[in-house]
1. Test T370 against the stated conditions and say whether it is among the β-branched types (V, I, T), near the ligand (Cβ under 8 Å from one of its atoms) and open to solvent by 10 Å² or more (accessible area, probe 1.4 Å).
2. Can you say whether Q396 is at negative phi, within 12 Å of the ligand (Cβ to nearest atom) and open to solvent by less than 50 Å² (accessible area, probe 1.4 Å), as far as the supplied structure shows?
3. Suppose we filter P20, P29 for residues that are crowded, with 18+ Cβ neighbours inside 10 Å, at pLDDT 95 or above and within 16 Å of the ligand (Cβ to nearest atom); which single one remains?
4. Can you tell me which of (1) buried (at least 23 other Cβ atoms within 10 Å of the Cβ); (2) hydrophobic (A, V, I, L, M, F, W, C); (3) touching a residue at least 40 places away in the same chain (Cβ under 8 Å) is the one V403 doesn't meet?
5. Select the strands (runs of 3 or more DSSP E) contained entirely in the range 46-156, then report the ones holding at least 2 residues which are under 17 Å from S206 (Cα atoms).
6. How many residues are more than 9 Å from the ligand (Cβ to nearest atom) and either in a loop (DSSP other than H, G, I, E, B) or of a type in the set (A, V, I, L, M) (or both) when one looks only at the range 331-358?
Amino acid sequence: MESEKKERVAPPPHHVLVLPFPVQGHINPMLQFAKRLASTASGIFRVTLATTVFFSETVQVKLTGGSVRLDTISDGYDRGGFMEAATPEAYHRRLDEVGSRTLVKLIERHKGSDRPFTCLIYDTSMHWALDVAAGLGLTGVAFYTQSCAAFAIYYYAYQGRLRLAVEPSEEGGRRTLSFPGLPPLSVSDLPSLLFEEGSSYEPVLSLKTKQFSNLDKADSVLFNTTQELESEVVSVLKGFWPVKTIGPTLPFMYLDETSSGTSREEDKDYGYNYYKPSSTNYIAWLDSKPEGSVAYVSFGSIAATSERQMAELAWGLRDSGVYFIWVVRASEQQKLPKEFAAETEERGLVVTWCNQLQVLAHGATGCFVTHCGWNSVLEALSLGVPMVGVPQWTDQPTNAKYVEDVWGVGVRAKADQEGVVRREEMETCVRQVLEGTSRRGEEIRSNARKWREMVKGAVREGGSSDKNMQEFVGELVNSDL
Ligand code: UDX
(Lines give C-alpha, C1' and ligand atoms only; values in the text may rest on other atoms or scores of the structure.)
Protein backbone atom coordinates (compact mmCIF):
# COMPACT_ATOMS: atom_id res chain seq x y z
CA MET A 1 0.00 0.00 0.00
CA GLU A 2 2.71 2.36 1.12
CA SER A 3 4.91 1.52 -1.89
CA GLU A 4 1.92 1.88 -4.26
CA LYS A 5 1.35 5.36 -2.87
CA LYS A 6 5.00 6.17 -3.40
CA GLU A 7 4.84 5.01 -7.02
CA ARG A 8 1.86 7.21 -7.75
CA VAL A 9 3.57 10.37 -6.53
CA ALA A 10 6.92 9.57 -8.14
CA PRO A 11 8.11 12.46 -10.36
CA PRO A 12 7.73 12.03 -14.12
CA PRO A 13 10.97 10.63 -15.51
CA HIS A 14 11.04 12.88 -18.59
CA HIS A 15 11.64 16.58 -18.38
CA VAL A 16 11.39 18.31 -21.74
CA LEU A 17 12.77 21.80 -22.31
CA VAL A 18 11.10 23.75 -25.13
CA LEU A 19 13.12 26.67 -26.48
CA PRO A 20 11.45 29.02 -28.99
CA PHE A 21 13.19 31.86 -30.83
CA PRO A 22 12.19 34.98 -28.89
CA VAL A 23 9.55 36.65 -31.09
CA GLN A 24 5.74 36.44 -31.08
CA GLY A 25 5.39 34.31 -34.24
CA HIS A 26 7.74 31.64 -32.83
CA ILE A 27 6.85 31.67 -29.11
CA ASN A 28 3.12 31.30 -29.87
CA PRO A 29 3.23 27.99 -31.78
CA MET A 30 5.92 26.47 -29.56
CA LEU A 31 4.02 27.36 -26.40
CA GLN A 32 0.91 25.71 -27.81
CA PHE A 33 3.01 22.69 -28.71
CA ALA A 34 4.45 22.59 -25.17
CA LYS A 35 0.91 22.62 -23.74
CA ARG A 36 -0.15 19.84 -26.09
CA LEU A 37 2.87 17.73 -25.20
CA ALA A 38 2.15 18.17 -21.51
CA SER A 39 -1.50 17.19 -21.93
CA THR A 40 -0.95 14.41 -24.51
CA ALA A 41 1.35 12.53 -22.24
CA SER A 42 -0.17 13.69 -19.01
CA GLY A 43 1.83 12.50 -16.05
CA ILE A 44 4.70 11.19 -18.16
CA PHE A 45 6.40 14.44 -18.97
CA ARG A 46 7.21 17.60 -17.23
CA VAL A 47 7.46 20.41 -19.79
CA THR A 48 9.34 23.67 -19.29
CA LEU A 49 9.35 26.54 -21.77
CA ALA A 50 12.44 28.75 -21.73
CA THR A 51 12.31 32.26 -23.09
CA THR A 52 14.56 35.28 -22.70
CA VAL A 53 14.65 37.36 -19.53
CA PHE A 54 13.19 40.30 -21.46
CA PHE A 55 10.19 38.38 -22.74
CA SER A 56 9.55 36.59 -19.47
CA GLU A 57 9.58 39.85 -17.52
CA THR A 58 7.78 42.23 -19.83
CA VAL A 59 5.25 39.94 -21.39
CA GLN A 60 2.60 38.15 -19.49
CA VAL A 61 2.96 34.50 -20.28
CA LYS A 62 -0.12 33.02 -18.73
CA LEU A 63 0.16 29.32 -18.26
CA THR A 64 -3.13 28.53 -16.61
CA GLY A 65 -3.37 25.14 -15.07
CA GLY A 66 0.37 25.05 -14.65
CA SER A 67 0.93 22.23 -17.15
CA VAL A 68 3.91 24.10 -18.59
CA ARG A 69 6.51 25.79 -16.45
CA LEU A 70 8.50 28.83 -17.43
CA ASP A 71 12.25 29.38 -17.14
CA THR A 72 14.70 31.78 -18.70
CA ILE A 73 17.86 32.12 -20.72
CA SER A 74 19.39 35.46 -21.71
CA ASP A 75 19.92 36.94 -25.17
CA GLY A 76 22.24 39.56 -23.70
CA TYR A 77 19.53 42.22 -23.95
CA ASP A 78 17.60 41.67 -20.75
CA ARG A 79 16.06 45.14 -20.65
CA GLY A 80 14.87 45.68 -24.22
CA GLY A 81 15.17 42.43 -26.17
CA PHE A 82 15.92 42.79 -29.88
CA MET A 83 14.73 46.42 -29.86
CA GLU A 84 17.76 47.25 -27.73
CA ALA A 85 20.24 45.84 -30.27
CA ALA A 86 21.95 48.24 -32.71
CA THR A 87 21.41 45.91 -35.70
CA PRO A 88 19.82 42.50 -36.33
CA GLU A 89 23.34 41.18 -36.82
CA ALA A 90 24.43 42.44 -33.40
CA TYR A 91 21.35 40.84 -31.87
CA HIS A 92 21.97 37.45 -33.41
CA ARG A 93 25.66 37.46 -32.56
CA ARG A 94 24.92 38.17 -28.92
CA LEU A 95 22.01 35.73 -28.79
CA ASP A 96 24.27 32.95 -30.11
CA GLU A 97 26.96 33.71 -27.56
CA VAL A 98 24.97 34.61 -24.42
CA GLY A 99 22.06 32.34 -25.32
CA SER A 100 24.17 29.20 -25.54
CA ARG A 101 26.07 30.06 -22.36
CA THR A 102 22.90 30.66 -20.33
CA LEU A 103 21.20 27.60 -21.84
CA VAL A 104 24.07 25.44 -20.58
CA LYS A 105 23.66 27.05 -17.13
CA LEU A 106 19.90 26.42 -17.10
CA ILE A 107 20.31 22.76 -18.02
CA GLU A 108 23.13 22.26 -15.53
CA ARG A 109 21.17 23.94 -12.75
CA HIS A 110 18.56 21.20 -13.06
CA LYS A 111 21.11 18.39 -13.26
CA GLY A 112 21.30 17.94 -9.53
CA SER A 113 17.52 18.07 -9.07
CA ASP A 114 15.13 15.13 -9.07
CA ARG A 115 13.95 16.20 -12.53
CA PRO A 116 16.92 16.91 -14.79
CA PHE A 117 16.15 17.78 -18.40
CA THR A 118 16.22 14.75 -20.67
CA CYS A 119 15.24 16.36 -23.98
CA LEU A 120 15.60 19.76 -25.63
CA ILE A 121 13.10 20.80 -28.32
CA TYR A 122 14.69 23.85 -29.90
CA ASP A 123 13.60 26.32 -32.56
CA THR A 124 15.80 25.73 -35.61
CA SER A 125 16.47 29.50 -35.73
CA MET A 126 18.84 28.79 -32.83
CA HIS A 127 20.90 25.97 -34.36
CA TRP A 128 23.50 26.26 -31.60
CA ALA A 129 21.00 24.86 -29.10
CA LEU A 130 21.35 21.43 -30.72
CA ASP A 131 25.09 21.46 -30.00
CA VAL A 132 24.36 22.37 -26.39
CA ALA A 133 21.89 19.45 -26.12
CA ALA A 134 24.38 17.02 -27.67
CA GLY A 135 27.21 18.27 -25.42
CA LEU A 136 25.12 17.71 -22.29
CA GLY A 137 23.74 14.32 -23.31
CA LEU A 138 20.14 15.42 -23.98
CA THR A 139 17.94 14.21 -26.80
CA GLY A 140 17.87 17.03 -29.37
CA VAL A 141 14.66 17.68 -31.30
CA ALA A 142 14.41 20.43 -33.93
CA PHE A 143 11.17 22.39 -34.31
CA TYR A 144 10.48 24.49 -37.42
CA THR A 145 7.72 27.06 -36.95
CA GLN A 146 7.10 27.85 -40.63
CA SER A 147 6.06 25.80 -43.66
CA CYS A 148 7.89 22.76 -45.05
CA ALA A 149 7.97 24.55 -48.41
CA ALA A 150 9.90 27.53 -46.99
CA PHE A 151 12.21 25.14 -45.16
CA ALA A 152 12.91 23.21 -48.37
CA ILE A 153 13.64 26.40 -50.33
CA TYR A 154 16.13 27.54 -47.70
CA TYR A 155 17.69 24.08 -47.83
CA TYR A 156 18.09 24.24 -51.60
CA ALA A 157 19.72 27.66 -51.12
CA TYR A 158 22.02 26.19 -48.46
CA GLN A 159 23.02 23.45 -50.90
CA GLY A 160 23.82 26.09 -53.51
CA ARG A 161 21.03 24.93 -55.82
CA LEU A 162 19.35 28.31 -55.67
CA ARG A 163 21.34 31.33 -56.71
CA LEU A 164 21.17 33.81 -53.86
CA ALA A 165 20.62 37.50 -54.29
CA VAL A 166 18.56 37.20 -57.47
CA GLU A 167 17.15 40.60 -58.25
CA PRO A 168 13.40 40.14 -58.79
CA SER A 169 13.32 43.04 -61.23
CA GLU A 170 16.04 41.43 -63.40
CA GLU A 171 14.10 38.22 -63.65
CA GLY A 172 10.81 40.04 -63.80
CA GLY A 173 9.32 37.22 -61.76
CA ARG A 174 8.91 35.30 -65.04
CA ARG A 175 11.52 32.58 -64.80
CA THR A 176 10.05 29.36 -63.45
CA LEU A 177 12.08 27.45 -60.92
CA SER A 178 11.56 23.73 -60.40
CA PHE A 179 12.54 21.98 -57.21
CA PRO A 180 11.68 18.55 -55.83
CA GLY A 181 8.40 18.57 -53.91
CA LEU A 182 7.50 22.16 -54.76
CA PRO A 183 5.10 23.62 -57.32
CA PRO A 184 6.71 25.62 -60.16
CA LEU A 185 7.84 28.86 -58.54
CA SER A 186 8.66 32.26 -59.95
CA VAL A 187 11.28 34.43 -58.28
CA SER A 188 8.55 36.50 -56.67
CA ASP A 189 7.26 33.37 -54.91
CA LEU A 190 10.55 32.78 -53.09
CA PRO A 191 11.19 33.95 -49.54
CA SER A 192 12.25 37.58 -49.92
CA LEU A 193 15.40 37.03 -47.87
CA LEU A 194 16.90 35.25 -50.86
CA PHE A 195 16.99 38.34 -53.00
CA GLU A 196 17.29 41.25 -50.58
CA GLU A 197 21.01 41.54 -51.19
CA GLY A 198 22.91 43.86 -48.89
CA SER A 199 19.83 44.52 -46.80
CA SER A 200 19.74 44.43 -43.05
CA TYR A 201 17.98 41.10 -43.42
CA GLU A 202 21.15 39.23 -44.31
CA PRO A 203 21.67 38.04 -40.74
CA VAL A 204 18.16 36.60 -40.83
CA LEU A 205 18.95 34.76 -44.05
CA SER A 206 22.14 33.46 -42.51
CA LEU A 207 20.03 32.12 -39.61
CA LYS A 208 17.80 30.34 -42.07
CA THR A 209 20.68 28.59 -43.77
CA LYS A 210 22.80 27.94 -40.65
CA GLN A 211 19.97 25.83 -39.26
CA PHE A 212 21.02 23.06 -41.68
CA SER A 213 24.67 23.04 -40.60
CA ASN A 214 24.13 20.54 -37.76
CA LEU A 215 20.58 19.31 -38.41
CA ASP A 216 21.82 15.79 -39.19
CA LYS A 217 22.45 15.44 -35.46
CA ALA A 218 18.79 16.07 -34.56
CA ASP A 219 16.93 13.03 -33.24
CA SER A 220 13.68 14.26 -34.77
CA VAL A 221 12.54 17.28 -36.83
CA LEU A 222 9.04 18.58 -36.10
CA PHE A 223 7.01 20.89 -38.35
CA ASN A 224 4.03 23.06 -37.48
CA THR A 225 2.06 21.96 -40.55
CA THR A 226 0.04 18.94 -41.65
CA GLN A 227 0.95 16.15 -44.04
CA GLU A 228 -2.12 16.95 -46.19
CA LEU A 229 -1.24 20.62 -46.71
CA GLU A 230 2.25 19.92 -48.01
CA SER A 231 2.34 16.22 -48.86
CA GLU A 232 4.89 16.32 -51.69
CA VAL A 233 7.50 18.42 -49.99
CA VAL A 234 7.02 16.52 -46.72
CA SER A 235 7.87 13.29 -48.57
CA VAL A 236 11.00 14.87 -50.02
CA LEU A 237 12.16 16.18 -46.64
CA LYS A 238 11.59 12.76 -45.06
CA GLY A 239 14.36 11.52 -47.34
CA PHE A 240 16.81 13.82 -45.51
CA TRP A 241 15.72 13.92 -41.86
CA PRO A 242 13.38 12.14 -39.41
CA VAL A 243 10.54 14.57 -40.17
CA LYS A 244 7.16 14.65 -38.40
CA THR A 245 4.31 17.06 -39.14
CA ILE A 246 2.42 17.75 -35.92
CA GLY A 247 0.50 20.96 -36.66
CA PRO A 248 -1.33 23.12 -36.51
CA THR A 249 -0.54 23.79 -32.87
CA LEU A 250 -3.60 25.98 -32.35
CA PRO A 251 -5.49 25.55 -29.08
CA PHE A 252 -7.77 22.50 -29.35
CA MET A 253 -10.90 24.56 -28.71
CA TYR A 254 -10.47 26.00 -32.23
CA LEU A 255 -9.74 22.64 -33.85
CA ASP A 256 -11.72 19.92 -32.21
CA GLU A 257 -14.76 20.71 -30.12
CA THR A 258 -14.87 17.15 -28.81
CA SER A 259 -11.26 17.01 -27.71
CA SER A 260 -10.32 16.20 -24.18
CA GLY A 261 -6.75 17.37 -24.91
CA THR A 262 -5.77 20.66 -23.33
CA SER A 263 -8.51 21.99 -21.10
CA ARG A 264 -10.80 24.73 -22.32
CA GLU A 265 -9.64 26.82 -19.41
CA GLU A 266 -6.07 26.67 -20.76
CA ASP A 267 -7.17 27.13 -24.34
CA LYS A 268 -9.14 30.28 -23.67
CA ASP A 269 -5.88 32.04 -23.20
CA TYR A 270 -3.92 31.80 -26.43
CA GLY A 271 -0.91 31.88 -24.18
CA TYR A 272 1.34 34.57 -25.43
CA ASN A 273 0.87 38.06 -26.75
CA TYR A 274 3.65 40.57 -27.12
CA TYR A 275 1.06 43.33 -27.62
CA LYS A 276 -1.91 43.91 -25.38
CA PRO A 277 -5.26 43.44 -27.15
CA SER A 278 -7.08 46.72 -27.74
CA SER A 279 -9.58 47.79 -25.10
CA THR A 280 -12.18 48.45 -27.85
CA ASN A 281 -14.92 45.82 -27.69
CA TYR A 282 -14.33 44.52 -31.20
CA ILE A 283 -16.23 41.29 -30.52
CA ALA A 284 -19.39 43.27 -29.73
CA TRP A 285 -18.75 45.24 -32.95
CA LEU A 286 -18.48 41.97 -34.90
CA ASP A 287 -21.63 40.65 -33.17
CA SER A 288 -23.55 43.53 -34.71
CA LYS A 289 -22.53 42.66 -38.30
CA PRO A 290 -24.15 40.17 -40.70
CA GLU A 291 -22.69 36.68 -41.22
CA GLY A 292 -19.55 36.66 -43.40
CA SER A 293 -19.67 40.40 -44.09
CA VAL A 294 -16.45 41.64 -42.48
CA ALA A 295 -12.91 41.77 -43.88
CA TYR A 296 -10.35 41.24 -41.10
CA VAL A 297 -7.02 42.92 -41.92
CA SER A 298 -3.74 42.24 -40.11
CA PHE A 299 -0.06 42.15 -41.03
CA GLY A 300 1.18 40.34 -37.93
CA SER A 301 3.62 41.34 -35.25
CA ILE A 302 6.69 42.51 -37.17
CA ALA A 303 5.97 43.90 -40.66
CA ALA A 304 6.40 47.67 -41.00
CA THR A 305 4.32 48.83 -43.95
CA SER A 306 5.40 51.81 -46.07
CA GLU A 307 3.33 54.97 -45.74
CA ARG A 308 2.29 54.69 -49.38
CA GLN A 309 1.20 51.07 -48.97
CA MET A 310 -0.73 52.01 -45.86
CA ALA A 311 -2.61 54.74 -47.73
CA GLU A 312 -3.42 52.44 -50.67
CA LEU A 313 -4.70 49.77 -48.29
CA ALA A 314 -6.78 52.34 -46.44
CA TRP A 315 -8.42 53.78 -49.54
CA GLY A 316 -8.89 50.33 -51.07
CA LEU A 317 -10.80 49.24 -47.97
CA ARG A 318 -12.89 52.41 -48.08
CA ASP A 319 -13.66 52.00 -51.78
CA SER A 320 -14.63 48.33 -51.37
CA GLY A 321 -17.56 49.51 -49.26
CA VAL A 322 -17.32 46.45 -46.99
CA TYR A 323 -17.16 46.28 -43.20
CA PHE A 324 -13.60 45.86 -41.95
CA ILE A 325 -11.65 45.45 -38.77
CA TRP A 326 -8.01 46.44 -39.20
CA VAL A 327 -5.16 45.76 -36.79
CA VAL A 328 -2.71 48.68 -36.99
CA ARG A 329 -0.08 48.37 -34.28
CA ALA A 330 0.54 51.52 -32.22
CA SER A 331 3.93 52.04 -33.93
CA GLU A 332 2.20 52.04 -37.37
CA GLN A 333 -0.76 54.28 -36.57
CA GLN A 334 0.88 57.55 -37.61
CA LYS A 335 1.07 56.18 -41.18
CA LEU A 336 -2.72 56.11 -41.56
CA PRO A 337 -4.07 58.90 -43.80
CA LYS A 338 -5.45 61.77 -41.70
CA GLU A 339 -8.98 61.72 -43.11
CA PHE A 340 -9.29 57.94 -43.02
CA ALA A 341 -11.01 57.58 -39.62
CA ALA A 342 -13.65 60.18 -40.41
CA GLU A 343 -14.32 58.75 -43.87
CA THR A 344 -14.75 55.15 -42.71
CA GLU A 345 -16.24 55.37 -39.23
CA GLU A 346 -19.54 53.88 -40.41
CA ARG A 347 -17.95 50.71 -41.75
CA GLY A 348 -14.52 50.24 -40.23
CA LEU A 349 -12.87 49.62 -36.90
CA VAL A 350 -9.12 50.10 -36.36
CA VAL A 351 -7.58 48.38 -33.32
CA THR A 352 -3.97 48.19 -32.15
CA TRP A 353 -4.11 44.43 -31.48
CA CYS A 354 -6.78 41.78 -31.02
CA ASN A 355 -7.28 38.14 -30.20
CA GLN A 356 -6.90 37.03 -33.82
CA LEU A 357 -8.27 33.53 -33.32
CA GLN A 358 -11.43 34.89 -31.76
CA VAL A 359 -11.87 37.27 -34.68
CA LEU A 360 -11.20 34.61 -37.32
CA ALA A 361 -13.59 32.19 -35.59
CA HIS A 362 -16.38 34.80 -35.50
CA GLY A 363 -19.23 34.17 -37.92
CA ALA A 364 -19.22 37.79 -39.13
CA THR A 365 -15.65 37.47 -40.45
CA GLY A 366 -15.80 36.65 -44.16
CA CYS A 367 -12.23 37.16 -45.32
CA PHE A 368 -8.73 37.79 -44.02
CA VAL A 369 -6.48 40.37 -45.67
CA THR A 370 -3.15 39.04 -44.45
CA HIS A 371 0.61 39.43 -44.87
CA CYS A 372 0.64 35.60 -44.99
CA GLY A 373 2.78 35.00 -41.91
CA TRP A 374 2.73 31.23 -41.41
CA ASN A 375 0.75 31.37 -38.15
CA SER A 376 -1.89 33.60 -39.71
CA VAL A 377 -2.20 31.31 -42.74
CA LEU A 378 -2.54 28.20 -40.56
CA GLU A 379 -5.11 29.93 -38.36
CA ALA A 380 -7.20 31.02 -41.39
CA LEU A 381 -6.95 27.54 -42.95
CA SER A 382 -8.04 25.91 -39.68
CA LEU A 383 -11.03 28.20 -39.35
CA GLY A 384 -12.02 28.15 -43.02
CA VAL A 385 -11.52 31.87 -43.64
CA PRO A 386 -10.59 32.73 -47.27
CA MET A 387 -7.63 35.07 -47.72
CA VAL A 388 -6.36 38.04 -49.67
CA GLY A 389 -2.57 37.74 -49.50
CA VAL A 390 -0.45 40.89 -49.33
CA PRO A 391 2.96 39.35 -48.55
CA GLN A 392 5.62 41.68 -47.17
CA TRP A 393 8.86 39.76 -46.68
CA THR A 394 10.60 36.54 -45.56
CA ASP A 395 8.49 33.34 -46.08
CA GLN A 396 5.30 35.28 -46.82
CA PRO A 397 5.49 35.28 -50.68
CA THR A 398 5.83 31.47 -50.64
CA ASN A 399 2.87 31.14 -48.27
CA ALA A 400 0.84 33.44 -50.55
CA LYS A 401 1.70 31.21 -53.52
CA TYR A 402 0.29 28.18 -51.70
CA VAL A 403 -2.82 30.13 -50.59
CA GLU A 404 -3.61 31.10 -54.18
CA ASP A 405 -2.35 28.26 -56.37
CA VAL A 406 -1.90 25.13 -54.28
CA TRP A 407 -4.86 25.24 -51.88
CA GLY A 408 -6.97 27.75 -53.82
CA VAL A 409 -8.19 29.40 -50.62
CA GLY A 410 -7.54 32.98 -51.62
CA VAL A 411 -5.92 35.41 -54.01
CA ARG A 412 -2.59 37.17 -53.92
CA ALA A 413 -2.98 40.90 -54.49
CA LYS A 414 -0.70 42.08 -57.30
CA ALA A 415 1.84 44.75 -56.49
CA ASP A 416 2.98 47.51 -58.87
CA GLN A 417 6.62 47.91 -59.98
CA GLU A 418 7.49 49.57 -56.69
CA GLY A 419 6.05 46.66 -54.77
CA VAL A 420 2.92 48.50 -53.66
CA VAL A 421 -0.57 46.99 -53.89
CA ARG A 422 -2.75 49.78 -55.23
CA ARG A 423 -6.23 50.67 -53.94
CA GLU A 424 -8.05 49.39 -57.07
CA GLU A 425 -6.37 45.99 -56.72
CA MET A 426 -7.19 45.92 -53.03
CA GLU A 427 -10.82 46.73 -53.69
CA THR A 428 -11.13 44.05 -56.41
CA CYS A 429 -9.49 41.32 -54.32
CA VAL A 430 -11.49 42.04 -51.17
CA ARG A 431 -14.77 42.06 -53.05
CA GLN A 432 -13.93 38.92 -54.98
CA VAL A 433 -13.08 36.94 -51.86
CA LEU A 434 -15.61 38.42 -49.45
CA GLU A 435 -18.63 38.64 -51.67
CA GLY A 436 -17.81 35.38 -53.48
CA THR A 437 -20.30 36.10 -56.26
CA SER A 438 -17.92 35.23 -59.12
CA ARG A 439 -17.12 31.63 -60.00
CA ARG A 440 -13.58 32.07 -58.66
CA GLY A 441 -14.94 33.57 -55.45
CA GLU A 442 -17.27 30.62 -54.97
CA GLU A 443 -14.44 28.14 -55.56
CA ILE A 444 -12.25 29.91 -53.02
CA ARG A 445 -14.91 29.74 -50.35
CA SER A 446 -15.66 26.11 -51.06
CA ASN A 447 -11.91 25.24 -50.94
CA ALA A 448 -11.60 27.10 -47.64
CA ARG A 449 -14.33 24.85 -46.17
CA LYS A 450 -12.67 21.75 -47.61
CA TRP A 451 -9.24 22.59 -46.17
CA ARG A 452 -10.75 23.51 -42.80
CA GLU A 453 -12.10 19.96 -42.51
CA MET A 454 -8.82 18.47 -43.73
CA VAL A 455 -6.74 20.43 -41.21
CA LYS A 456 -9.11 19.72 -38.32
CA GLY A 457 -9.12 16.04 -39.30
CA ALA A 458 -5.33 15.95 -39.04
CA VAL A 459 -5.32 16.82 -35.34
CA ARG A 460 -8.35 14.72 -34.36
CA GLU A 461 -7.73 11.29 -32.90
CA GLY A 462 -6.24 9.09 -35.63
CA GLY A 463 -5.50 12.03 -37.95
CA SER A 464 -2.03 12.43 -39.48
CA SER A 465 -0.73 15.04 -37.01
CA ASP A 466 -2.28 13.23 -34.05
CA LYS A 467 -0.63 9.96 -35.09
CA ASN A 468 2.73 11.68 -35.52
CA MET A 469 2.39 13.31 -32.11
CA GLN A 470 1.59 9.95 -30.49
CA GLU A 471 4.51 8.37 -32.30
CA PHE A 472 6.82 11.15 -31.15
CA VAL A 473 5.66 10.79 -27.55
CA GLY A 474 6.13 7.02 -27.78
CA GLU A 475 9.67 7.44 -29.07
CA LEU A 476 10.51 9.85 -26.28
CA VAL A 477 9.04 7.60 -23.61
CA ASN A 478 10.81 4.54 -24.92
CA SER A 479 13.96 6.60 -25.40
CA ASP A 480 14.22 5.57 -29.02
CA LEU A 481 15.31 9.12 -29.71
C1 UDX B 1 6.81 36.06 -38.17
C2 UDX B 1 7.09 36.27 -39.68
O3 UDX B 1 6.88 37.61 -40.03
C4 UDX B 1 6.26 35.34 -40.52
O5 UDX B 1 6.51 35.55 -41.88
C6 UDX B 1 6.61 33.94 -40.15
O7 UDX B 1 5.88 33.03 -40.95
C8 UDX B 1 6.37 33.72 -38.67
O9 UDX B 1 7.09 34.68 -37.90
P10 UDX B 1 4.44 37.44 -37.80
O11 UDX B 1 4.78 38.44 -38.82
O12 UDX B 1 4.16 37.93 -36.47
O13 UDX B 1 5.49 36.23 -37.73
O14 UDX B 1 3.12 36.72 -38.41
P15 UDX B 1 2.35 35.41 -38.07
O16 UDX B 1 3.16 34.20 -38.33
O17 UDX B 1 1.10 35.50 -38.81
O18 UDX B 1 2.08 35.46 -36.51
C19 UDX B 1 1.32 36.46 -35.90
C20 UDX B 1 0.64 35.88 -34.68
O21 UDX B 1 0.11 36.95 -33.93
C22 UDX B 1 -0.53 34.97 -35.05
O23 UDX B 1 -0.53 33.84 -34.21
C24 UDX B 1 -1.76 35.83 -34.76
O25 UDX B 1 -2.88 35.10 -34.29
C26 UDX B 1 -1.25 36.75 -33.69
N27 UDX B 1 -1.97 38.04 -33.74
C28 UDX B 1 -1.76 38.91 -34.76
C29 UDX B 1 -2.84 38.34 -32.72
O30 UDX B 1 -3.05 37.54 -31.80
N31 UDX B 1 -3.47 39.54 -32.76
C32 UDX B 1 -3.30 40.45 -33.74
O33 UDX B 1 -3.91 41.52 -33.66
C34 UDX B 1 -2.41 40.12 -34.79
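The values are calculated or read from the model by the stated rules, or taken from the named source; none is laboratory data. This structure is a prediction, so every number in the text was calculated from the model and none was measured. Methodologically, a virtual Cβ is constructed for each residue, glycine included, from the backbone with ideal geometry; neighbour enumeration extends over all protein chains shown. Accessible surface is based on the protein model in full, side chains and every heavy atom, while ligands, DNA and RNA are left aside. Shrake-Rupley method; radii C 1.70, N 1.55, O 1.52, S 1.80 Å.
1. no
2. For Q396, the condition - at negative phi, within 12 Å of the ligand (Cβ to nearest atom) and open to solvent by less than 50 Å² (accessible area, probe 1.4 Å) - is met.
3. Going through P20, P29 in turn, the sole match is P20.
4. Tallying (1) buried (at least 23 other Cβ atoms within 10 Å of the Cβ); (2) hydrophobic (A, V, I, L, M, F, W, C); (3) touching a residue at least 40 places away in the same chain (Cβ under 8 Å), V403 fails exactly one: (3).
5. Qualifying strands (runs of 3 or more DSSP E): none found.
6. 11
Residue-by-condition table, conditions (1) more than 16 Å from the ligand (Cβ to nearest atom); (2) buried (at least 24 other Cβ atoms within 10 Å of the Cβ); (3) on the phi < 0 side of the Ramachandran plot:
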site	(1), (2), (3)
S125	no, no, yes
A129	yes, yes, yes
A133	yes, yes, yes
L136	yes, no, yes
A142	yes, yes, yes
L162	yes, no, yes
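Residue-by-condition table, conditions (1) in contact with a Pro (Cβ under 7 Å, 6 or more places away or on another chain); (2) not hydrophobic (A, V, I, L, M, F, W, C):
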| residue | (1), (2) |
| --- | --- |
| I444 | yes, no |
| N447 | no, yes |
| K450 | no, yes |
| M454 | no, no |
| A458 | no, no |
| G462 | no, yes |
| M469 | no, no |
